[in-house]
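Everything on this sheet refers to the single structure shown next.
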Amino acid sequence: MAARNALEDIKKDLESFVGKTITLRANQGRKRVLETEGVLENTYPKVFVVKLSEKPGVVKRVSYTYADVLTETVKLSVRYRDRERRIGCAG
């Protein structure tokens, strides 16, 4: 039951940053890590979507589950009141 509450807390936390620029660090396996910035586009019941614009004129969207944030497979942070704030963790 605690994991379910943790996932709901992460979802609520993310909902407050929809439309904001976030820093994304995602472990993609085999020592590959995606580090980039994007806009938190939307949250859904099981996943959230980040819109990346890595190259001019090219838009890419990636989606992750809230469990990815809980297990720290995906780490998110946002500039908030002139400080970097991690999303989905106590700090």
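Quick notes
- Some residue of the stretch 17-29 being on the phi > 0 side of the Ramachandran plot and free of Cβ contacts under 8 Å to residues at least 40 places away in the same chain: yes
- Identity of the residue in the stretch 68-91, exposed (fewer than 15 other Cβ atoms within 10 Å of the Cβ) and among the acidic types (D, E), that ends up modelled with the highest pLDDT: E72
- Of all residues in the stretch 7-49, those being in contact with a Leu (Cβ under 6 Å, 6 or more places away or on another chain), over 14 Å from T73 (Cβ atoms) and small (G, A, S) number 1.
The values are calculated or read from the model by the stated rules, or taken from the named source; none is laboratory data. Computed from a prediction, not measured in an experiment: that's the story for all the values here. Please note: Cβ atoms are built from the backbone with ideal geometry, for glycine as well, and neighbour counts cover all protein chains shown.
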